[in-house]
Amino acid sequence: MSQLKTIFATRLNDVSATQQEVPLGCLRIEPDDKEPITGDPQNIFAAIPGFLYRERQFRYMKNGSGGTLSKDALVQFDFSTLADVTATTNTNPLLVLRASGSFITDGWKAGDMLMVIDDAGAAGAAPEGEIATVSNVAALTLTLAVALTAAVTLNDTVRCIRQGELRASTATLGNQRRYGVGIPMADIPTLQYGWIQIAGIYPTANCVAAGTAVLEGASLYAGTALLTTVGGVLTEGTPNVFTAGTTYEPVATALQSASSDTVRRKIAVILKGE
């Protein structure tokens with residue numbers, strides 16, 4: 001059965017201090033058949049017909065940046081990991097135990113994905129490589145929603161993988177494929193929740209400042225909280241590498257040009273996020 005939601009509790013520009021949509025990071029697709037009326041709550045701008053945007057995609061996210069993330073500014077998120085944990089003796093495949101430290105202090109939460117990255121007993125032995133969803137977190141114990149094929153026990157190593165929180169985009173991270181990028185639909189204060197657009201036409205994206213020309217159809221890359229023409233291709237289709245071993249990719253395409261003396265740098269783009 002499809003897990004794609006079609007009914008939502010919030011409008012695209014709603015922001016709240018508590019989570020209103022489940023799960024966090026859920027995908028929302030708005031079709032291209034919106035009516036051209038000012039009262040349509042799903043239009044990016046109430047005075048502009050929604051069908052002009054065609055299909056658009058959004059994700060419901062939490063701002064963990066420590067400051068307000070502004071509408072029109074580029075943001076990023078990733079599938080983050082926590083520090084690996086070495087387990088202690090255990091015989092229950094529904095539990096992961098540790099002898100010291102704290103899963104709570106480390107930041108583990110119910111709903112996180114746990115991966116067993118190493119079985120200390122034998123090369124590749126179960127449950128190495130297996131994953132499970134965490135259903136409950138205590139200081140020294142994780143409870144799993146579904147049992148692994150063998151218990152995580154003494155000196156086995158586990159890792160947490162989760163949907164990351166929003167940050168302002170950066171040039172060194174926003175173009176890496178493992179990071180998602182998008183633009184908030186409203187100003188989202190720190191530790192609050194709201195929608196970001198990740199794909200489709202966005203009409204007023206913040207772009208690189210005056211002094212740089214933007215060509216219609218140009219590939220755009222993640223800069224510091226904006227889109228920039230400086231990025232990861234030397235020639236079309238040839239990745240440039242800013243950091244050894246890391247490939248950078250364009251995150252948007254310019255739908256319009258902007259001359260180098262254009263001061264108010266907001267342009268229409270097609271976002272290419274996921």
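Anything in the range 192-210 that is within 10 Å of Thr262 (Cβ to Cβ) and either part of a loop (DSSP other than H, G, I, E, B) or touching a Phe, Trp or Tyr at 6+ places or on another chain (Cβ under 6 Å) (or both)? List them, or say none.
Selection gives Ala209, Ala210.
Would you confirm, using the coordinates I've provided, whether Gln3 is outside the structural domain of Asp112 (by TED's automatic domain parsing), at pLDDT 85 or above and either over 20 Å from Gly194 (Cα atoms) or assigned to a loop (DSSP other than H, G, I, E, B) (or both)?
no
Looking only at the range 94-130, how many residues end up being closer than 16 Å to Ile161 by Cβ, of a type in the set (Gly, Ala, Ser) and modelled with pLDDT of 90 or more?
Total satisfying the criteria: 1.
Of the residues in the range 116-174, how many are at positive phi and of a type in the set (Val, Ile, Thr)?
Number of matching residues: 0.
The values are calculated or read from the model by the stated rules, or taken from the named source; none is laboratory data. Remember, predicted model here, so these are calculated numbers, not experimental data. In this analysis, Cβ positions are derived from the backbone assuming ideal geometry, glycine residues included, and neighbour counts consider all displayed protein chains.
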